[in-house]
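Since every read-out is calculated from the coordinates, none of them should be taken as a lab result. This is a predicted model, so every value here is computed, not measured. With ideal geometry, Cβ positions are generated from the backbone for all residues, glycine too; neighbour counts draw on all protein chains shown.
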Amino acid sequence: MNGAQALMKTLVDAGVEVCFTNPGTSEMHFVAALDSEPRMRAVLALFEGVATGAADGYARMADKPAATLLHLGCGLGNGLANLHNARKGKVPIVNIVGDHATYHTQYDAQLQSDIETVARNVSPGFVRTSKATVDLGRDTAEAVAAAKGLPGQVATLILPADVSWGEGGVSAVLPAPAAPAVADDATVAAIAQAVRAGGKVALLLGGRALREPSLLAAARIAAHSGVKLLAEVFPTRLERGAGLPVVERIAYLAELAGVQLADVQHLILVDAKAPVSFFAYPGKKSYLVPDTCTVHTLASPAQDTVGSLLKLARVLGAEQAQPALQGSERPGRPRGKLTAEKVCKAVGHLLPAHAIVIDEAITSGLMLPRFTAGAPRHDLITLTGGAIGQGLPNAIGAAIACPERPVLALIGDGTSMYTIQALWTMAREKLNVTSIIFNNASYSVLNIELERVGADEVGPKAKSQLDLNGPVIHFAQLAQGMGVHAVRVSTAEEFVHALEYALATPGPHLIEAMVPESLSGLKRKVLPWLLRSLPSIPPSVARALKRKIAP
């Protein structure tokens, strides 16, 4: 075998069976090696950010890494934003980044760059340049092991062209992973004592703790001991819907998160970090845990969340408690002029069982949790790292990981343009993805942030940086040009009909929903004042306002 063939065999023997590619000249031997390994599926992306975001979505749903194939440092740089999201979500990905031949680097050719420095931004735990063909199989196995180990991570293997084409490649076997540890006795005893003390206690769940086994264990503790269940603001993957425990997500807006945490005396972290504000704001706290609250860690991201929660349940005597489960209910069929809220209502009305919902709708998706809470059980994927442009690529990966499950991607108009090339890959691969683009011709969330950060009075030049009105993008036409069936709709009846058709018809679809901004005009002007007022109003009123603004 040459190096590329050894690399390929090592990947598939380790369970890496999909590679999202955007290759260049330095990667041609890897491309040729694809035909030597029938177990490897290769999926072409027209932009590196699509390839990396697709690998992220695949791993979230398959519970194992995909590979990416990227061209030199510039290609890696183009894919960096969605690798950042994967890093923040602790998602396993194996990046294969081509490089110039080892003897060619001395000439500083046009595409020469310091790939390792670029990679460390998103692969702090594993970056390696393979130096010799004979070592490439071992390097590959260690990269996969690093990606798969808890917590999951992005591992980057840099592949010089001559190492790839060199003869004498040897595949390697992945080392057996160690079983993750359960919380120790002392930690569980201390947390159980805090729960029994009688104050307000909350479990903050993140990562793998938002899957059904951990959710059920946490819900038994909640039912037995009166503990509140919270989820991190942007979960990597949240299993939810009828028949599953209800968990309240921490709000994106720091002021609303403060309402949720105001009376919590003990916050217990399970594969989660203590809540912090997404950004800094003048005169406001960055660390959102109240000063009077004690933070405990039951399970770190590297530990066994299910085992740790079950151990705590045993110590508390909560093993036989009946968990509170979400009932089955759907909103009615919306009618009339289309709004973002009615789009979310229609999704809740029609959502199929076992769907995968990808939420990058930004402000337009504020009502989505409310309207889908009682829908048939489904998985929710969210924007873990805050770098927009994740949703459409995630949909590709999720659909490839779970071809039998329908995928719905709810996407803002501005964020969709970061990785709109994903539509072409959906068409090429004939994926069952329904993309819903909220076209409100605005960066609505930035208009809200403009008010919240206390910027001085702004004029037309500043405001023009936050709207998409000149010209209004026609997403249905863009989708059709890339081979995706698409329609533009402006009434609730049209939207429901389009969604029914998309869910019943195989292949990719796009529905362009022409909607006004969810928060505009008086609502947007009042919101900053209302958020500032929350600490001074009665807690029950503050909680009611929070549910109204962001359920």
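Could you tell me how far the Cα centroid of region 414-480 sits from the Cα centroid of region 510-551, in Å?
21
By how many nm would the segment from Ala324 to Gln112 grow when fully extended, if each residue of separation counts as 0.36 nm and the alpha-carbon distance is taken off?
70.6 nm
Can you tell me the length gained on complete extension of the stretch Asp263 to Asn121, counting 0.36 nm per residue apart and subtracting the Cα distance?
Here the segment from Asp263 to Asn121 would lengthen by 47.4 nm.
How about region 405-460: which trypsin sites (Lys or Arg not before Pro) there lie in a loop by DSSP and see at most 16 other Cβ atoms within 10 Å?
Lys430
So, with +1 on the Cβ of K and R and -1 on the Cβ of D and E, and no other charges, what is the size of the charge dipole of the chain about its Cα centre, to the nearest 20 debye?
For the chain, the charge dipole is close to 2020 debye.
Local charge sum around Ser214 (other residues, Cβ-Cβ under 10 Å, Lys/Arg +1, Asp/Glu -1)?
Combined, the nearby Lys, Arg, Asp and Glu give -2.
Net charge within 11 Å of Thr372 by Cβ-Cβ distance, Lys/Arg positive one each and Asp/Glu negative one each, not counting Thr372 itself?
+3
Sort the following peptides by mean Cβ neighbour count (other Cβ atoms within 10 Å, averaged over residues), highest first: 431-440, 415-424, 50-59, 112-121.
Answer by packing, highest mean first, reads 50-59, 431-440, 415-424, 112-121.
In whole Å and largest first, what semi-axes does the C-alpha gyration tensor of region 79-152 yield when each eigenvalue is scaled by 5 and square-rooted?
So the equivalent ellipsoid measures 24, 17, 8 Å along its semi-axes.
Please compute the length gained on full extension between Glu404 and Tyr103, using 0.36 nm multiplied by the number of residues separating them and subtracting their Cα-Cα distance.
103.6 nm is the gain from fully extending Glu404 to Tyr103.
What's the local net charge at Glu17, with K and R +1, D and E -1, over the other residues with C-beta under 9 Å away?
Charge balance in the 9 Å sphere: +3.
To the nearest 0.05, how large is the calculated FRET efficiency for Thr505 and Gln465 if R₀ is 41 Å and r is the Cβ-Cβ distance?
0.55
Once label points are set 7 Å from the Cα along Cα→Cβ at both Val472 and Thr491, what is their separation, rounded to one decimal in nm?
1.7
Which value, in debye to the nearest 20, gives the size of the charge dipole of region 489-540 about its Cα centre, when Lys and Arg are +1 and Asp and Glu are -1 at the Cβ?
560
Mind checking which of Ala45, Pro376, Ala178 is farthest towards the positive end of the chain's charge dipole, using Cβ charges of +1 (Lys, Arg) and -1 (Asp, Glu) about the Cα centre?
Pro376
Filter the cross-link list Lys9/Lys64; Lys9/Lys88; Lys337/Lys525; Lys463/Lys525; Lys200/Lys548; Lys88/Lys148 down to pairs whose alpha-carbon distance in this structure exceeds 19 Å.
Those over the limit are Lys9/Lys88; Lys337/Lys525; Lys200/Lys548.
So what is the calculated 222 nm ellipticity per residue for the chain, using -39500 (n - 2.57) for each DSSP H run with n of 4 or more, over all residues, to the nearest 500 deg cm²/dmol?
After summing the helix terms and dividing by residue count, I get -11500 deg cm²/dmol.
Are there GluC sites (Glu not before Pro) in region 329-364 that DSSP puts in a loop and that have at most 15 other Cβ atoms within 10 Å, and which ones?
Sparse-neighbourhood loop GluC sites (Glu not before Pro): Glu329.
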